[in-house]
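Just so it is clear, none of the values below were taken in a lab; they were calculated from the coordinates. Bear in mind that the values here come from a model prediction, so they are computed numbers and not experimental data. Cβ sites come from the backbone with ideal geometry, for glycine too, and all protein chains shown count toward neighbours.
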């Protein structure tokens, strides 16, 4: 069986409203590339009609569409890992299923890969997300650039292209908590970005609520660097210096104005107590976050479990340890 030139990997979670249009547009774009291709749709435990629709689409586009059905919901990045494990293309393009990143932008990424780049990211033009989604994204992008040294501007966009050797390297990584764009960049010698359009979300609302966004940010930071721990140590040192300076100031003020100037020191005690208690709890939580990742890695449980594979030109061997829980 010949190896396709391009593989599309698309995680799917409750995207029944978008799937038919998504596949039609992806097939049309891939046909325009004039290269062999495959489209891999990974159902991440959808609870709507996505699974049954994937069955019919894999039959309708037999040999072009491969549906990988996970037994339950594991999250976006584990689903992408499952798709990468089944992708055979020399170039692998990841894409969200909500059509906010138009499939028509894919040729731009493939063209850049053909120029010799290992990873091609994308920067969303006039992003249609709310301010609530854009602000944390900008903060995280700045932190990632600072900690990794890779000057990419939009790590949150799933529309990305990877060369085969980078995908193979990513699949060899066994850590449970991973953020694929950053992990892939660590194996790439040449990276670049292209500007892409960004559309309004088609279908229902975003799958990311406030709590999931917070979890994503913690997962991203703690999976790629120990910088937060160093920052915590620095913060502790600064607070210790500030505490000493405040103690000297309080002693001087007490000698000058007497004990009555600050309610006999009660307010000062409570203010200091709240600050230091908050820092301690934050520090314990941060250390616990890293320990939980060590615990998950030591258990070495499968990152996902594939329950069924539908369609496609071939059914590759299932590796249940190729994504994250």
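If you build the convex hull over the alpha carbons only and average its shadow over all orientations, what do you get for the stretch 45-94? Give it in nm² to one decimal.
Seen from a random direction, the Cα hull of the stretch 45-94 projects 3.9 nm² on average.
Relative to the present Cα-Cα distance, how much length would full extension add between residue 292 and residue 190 at 0.36 nm per residue of separation?
Extra length from residue 292 to residue 190 when fully extended: 33.4 nm.
Peptides 103-112, 185-194: what's the order by average Cβ count within 10 Å, highest mean first?
So the order, starting with the most tightly packed, is 103-112, 185-194.
Could you give the Stokes-Einstein D for the stretch 1-85 in µm² per second, using the C-alpha Kirkwood radius, 37 °C, 0.692 mPa s?
For the chosen part, D equals 254 µm²/s.
Which of rounded, prolate, oblate describes the stretch 71-115, given a ≥ b ≥ c as roots of the alpha-carbon gyration tensor eigenvalues and a/c under 1.5 marking rounded, otherwise prolate only if a/b is larger than b/c?
It comes out oblate by the Cα gyration axes.
Give the peptides 28-37, 81-90 in descending order of average Cβ contacts within 10 Å, highest first. Write out the running numbers ahead of the final one.
Details: 28-37: 15.6, 81-90: 23.8.
The densest-packed peptide leads the list: 81-90, 28-37.
Once the piece of chain linking residue 277 and residue 245 is laid out straight, how much longer is it, given 0.36 nm per residue of separation minus the C-alpha distance between them?
Going from the current span to full extension adds 9.7 nm.
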